[in-house]
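What follows is a single structure, written as structure tokens, with notes after it.
Please treat every number below as a calculation from the coordinates, not as lab data. Bear in mind the structure is a predicted one, so any value in this text is a computation, not a measurement. Glycine gets a Cβ as well: all are built from the backbone with ideal geometry, and neighbour counts include every protein chain shown.
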Amino acid sequence: MTIITKHLIKAHLGPFLFSFSALTGLLFLNAIAQRMENLVGKGLPWSIIGEFLILSLPHTVALTLPMSILVALLYTFSEMTEANELTAMSAGGIRPLRILAPPLAMGIFMAGIMLFFNNQILPSANHRLKDLVIDISEKSPTFELREQVINRIATQDHSRNIYLQASSIDRETNDLEKVVIYDLSDPGMHRTTYAKRGEMTFDQEQADLYLTLYSGEVLQVDLSRSGEFNRSEFQKQIVPLRGISNELNRTEDGSIRSDREMSIPMLKEGIKEKNSEIGAIQKESLERTQEAVFTMTKRRSEITTTMGIDGISRIDQSVIVDALATRQNQLQITALQSAVNRYSVEIYKKYAIAFACIVFVLIGGPLGIRFPRGGIGMVILVSIFVFGIYWTGLIGGENLADRGIIPPLWAMWTPNIVFSCLGIVLSVGLGRLDNSNRGGNFDGVLSSFSRIMSKLPNSARIAE
């Protein structure tokens, strides 16, 4: 490794780490803020919250790592050009394309890391995060009852509809004052219990809640019998509530994986299974169609008919059943083909996002060299512009491919192809570095893009 190569790698390392940390932190906080409602009021231990945060991080990293490469290239090359470092290298006989070689090699290396990350780490993290969110959503926040508020007490089987209100709640002793319980489990009967005080206790398995009420009364109205009303008093009453758990129960087997929770081998296996099902259904449909056609082409005297109550003879019901079954099979094929499209899109997306590390090197390096005086403003402007177009194209292509409008390959790789061509044009047109520092601020950036776009049609006509 030459001195120039080491210098270029060290120059990019700091901006890359800074941009990666900053972008990851911003997007990670935004993602956590959107999921915060899943954690509030659950009484979760810090270990579960920490696991939730860690599992939420890989999805953010998959977005920010390619973005950080572009930001680092733009900033580093603009700073080096403004400091005349690249001019000195050019005077020493080093061509501009040679200067792009070390960052391009690092981009290829990061692309390999991203492919491994997208194929192994990200799907597993997404799957575990989904299972954790499901487990958290099923956790009942019994000890998070609020005072002077009607709190709904949910059972795990959702068989009972009970609401509880207390004027005061002692968090340490679980004592309640002025308790009111509304039992609406039976639609035909309303039962309301009043008590001066009460106590909450769990059984040893932490699964069932027992409310011990003192000095109260029970009012019961039977809606099925007009005018019937019952009132009874008690000194002590125990109300058992089954399936009220304040413990987080973790599922061991996990749920079924979606396309974003599968690795490439899993996706390929899923495509193979779906295609096999499509083939079996098509074969069944063909056999039913042939049988129906054979039946309809018989002689009129051989066609089985049934006489309706209106006196009209109709074709045997089996022919109609075959026709309806064929229609149902077509719907199943459409659903299976949609799943195949989603799996294919996910496979190509894993490769496309990894290849974006190389694409952003081709874009960021030449732009940073051409516009050294753009500063941070140029870095932010170009980054937002490129990120916006790239991710919009990727997301839009994914939606179109999922619906079968365009092939998954073109849907996922079109942004890479477009930006790769643009990066190659910028790299080839760098010219001599002593002229590259003529570029200025945003006007220079916009005028350069206009010149490049105007040259593309002319190049296409020459090629023809």
| field | Order of Cys421, Cys357 - criterion: other Cβ atoms within 10 Å of each residue's Cβ, fewest first | value | Cys421, Cys357
| request: Please find the FRET efficiency linking Met189 to Ser21, where r is the Cβ-Cβ separation and R0 is fixed at 56 Å, and quote it to the nearest 0.05. | output: 0.40
| message | Quick check on my link table: of Lys130/Lys268; Lys130/Lys272; Lys130/Lys283; Lys6/Lys268; Lys10/Lys268; Lys130/Lys178, which ones sit more than 30 Å apart, alpha carbon to alpha carbon? | response | Lys130/Lys283; Lys6/Lys268; Lys10/Lys268; Lys130/Lys178
| query | So what's the range 1-139 giving for Cα Rg divided by 2.2 N^0.38 Å, two decimals? | reply | 1.41
| Neighbour-count order for Leu394, Leu26, fewest beta carbons within 10 angstrom listed first | Leu26, Leu394
| query | Could you give the length gained on full extension between Asp222 and Gln235, defined as 0.36 nm per residue of separation minus the Cα-Cα distance, in nm? | reply | 2.3 nm
| Separation in nanometres of the label points that stand 7 Å from Cα toward Cβ, at Leu57 and Glu79 | 2.5
